[in-house]
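In what follows, a single structure is set out as structure tokens and then discussed.
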Amino acid sequence: MIKVLYYLRLNAALILGLFLALPFLNENPTHRLPASEAPSGSCFHIMRESLERHGSFTPRGPAIKERIPNFEVKIQNIESRIITPKDFARTFKREKGRWPLIKEMVDFFESGHEALMREIQALEEGAGDDRELSYYVNETLNALEMSEKEQQNIITFKAENPQLLETTYDINDGEMVQKMEWLWKNPFGDYGELLVALKTPGVEVQNLHLRILPNQTISDNSRRHKEIVARALDIKFQELEGLPPAEVAAYKNRYPIVFTEARAQSLEDVRHWIESKEVDLVVNVEGRGHYFVEVKNYNREVDRSKIESGYRNKKSILEQQKEMVEIIHFLGLERKYIPAIHFVKGVNAEAKEVLEQNGVLVIEDI
């Protein structure tokens, strides 16, 4: 009888202990949305649930901007140099009482761009030998440097249009406006990446190209992330090459963006497509892994129409982000990388909801 009572008390204690421990067994509880709100496709559903486990973006530690003397003044100097062709023409008209000649517009494209580059370089002044700051400044300057083709376009335009150069720029001439915008080196995207890199704690890489090129000089962090992706690619394609056709077909159905019809017949084409992708910023968030951050630097707050609409036959923001979500999940890297996006001028609630329903973290506060 005593033994029976002993075991009853022991089992009761074990059951009570397990009951009390249940709330602590899951350190990161998932708050699932109703199934009706889940986007189609298992990878989007899984990535969205991963976002819910991670919670909101909470960067740790100081940002690089804290080490830059007179940071806000230098940023204002840079932004004063970012002038679109239309803005230049309007300012010219306001200050000189006439619209600029075409040659004055083209000259501005060269001299104004050089002035912008100097202001970006000035971010390093007074910061000492700060290799991390130099890395982001140089990445931006390299991206903004006019290519040989861009320089040649201006040279050729001048040589082939001597009479046009002497005519007045007409802001209402759509063809002329489009031509000037084509000759102008648009810095908004690359500058936006630099600005977010300097303001975001934990940023590790700017302009991460997923392809590994032989003898390429890159940062240690870039190489590390490239190698993670390359290993995942090797493992995945070795697996696919060993599968029977029916299982390969199942993979293609599961990942329709990766295996779109244009490249579905060639695994090599699929690999090259993934390797052609570029990530604007890689951010390390302590305890949560890394974020692949896309930076969008538009001149106003972004709404749902903006993220769902393409421009000049280009993919929409949502399509681009869906690609990255599916690539990460296809490679089995969803525990290492979370796709994220930041709009420098902000994003409204509806657009944010659409992106996050598709598994993309929207970073609002930096």
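Brief remarks on what is shown
- Search result, residues across region 162-177 that are surrounded by 15 or more Cβ atoms within 10 Å (Cβ to Cβ) and either within 19 Å of Ser111 (Cβ to Cβ) or of a type in the set (D, E, K, R) (or both): Leu165, Tyr169
- Restricted to region 178-201, and to residues there that are crowded, with 20+ Cβ neighbours inside 10 Å and assigned to a loop (DSSP other than H, G, I, E, B), the residue that is nearest to the chain's Cα centre (by Cα) is Thr200.
- Region 339-363 residues that are closer than 14 Å to Gly192 by Cβ, paired with ones that are among the hydroxyl-bearing types (Ser, Thr, Tyr) (beta carbon under 7 Å, 6 or more apart): Phe343/Tyr298; Lys345/Tyr298
- Taking the conditions (1) assigned to a helix (DSSP H, G or I); (2) of a type in the set (Gly, Ala, Ser); (3) surrounded by 12 or more Cβ atoms within 10 Å (Cβ to Cβ) in turn, Ala246 satisfies each one other than (3).
- Per the listing Val285, Val270, Val279, the residue uniquely closer than 28 Å to Glu193 by Cα, modelled with pLDDT of 95 or more and surrounded by 13 or more Cβ atoms within 10 Å (Cβ to Cβ) is Val279.
- Residue list for region 205-229, filter: part of a helix (DSSP H, G or I) and closer than 20 Å to Asn138 by Cβ: Asp220, Asn221, Ser222, Arg223, Arg224, His225, Lys226
- The single residue among Glu181, Glu166 that is in contact with a strand residue (DSSP E or B) (Cβ under 8 Å, 6 or more places away or on another chain) and either within 29 Å of Ile341 (Cα to Cα) or not hydroxyl-bearing (Ser, Thr, Tyr) (or both) turns out to be Glu166.
- Flag for Leu165 being within 18 Å of Phe88 (Cβ to Cβ) and in contact with a helix residue (DSSP H, G or I) (Cβ under 8 Å, 6 or more places away or on another chain): yes
Matching residues to (1) surrounded by fewer than 18 Cβ atoms within 10 Å (Cβ to Cβ); (2) in the same structural domain as Asn299 (by TED's automatic domain parsing); (3) of a type in the set (A, V, I, L, M, F, W, C):
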| residue | (1), (2), (3) |
| --- | --- |
| Ile75 | no, no, yes |
| Arg131 | yes, no, no |
| Leu141 | yes, no, yes |
| Ser147 | yes, no, no |
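- The lone exception for Glu66 - which of (1) within 21 Å of Tyr191 (Cβ to Cβ); (2) touching a residue at least 24 places away in the same chain (Cβ under 8 Å) it fails: (2)
The values are calculated or read from the model by the stated rules, or taken from the named source; none is laboratory data. As the structure is a prediction and not an experimental result, all values here were calculated from the model. Please note: Cβ atoms are built from the backbone with ideal geometry, for glycine as well, and neighbour counts cover all protein chains shown.
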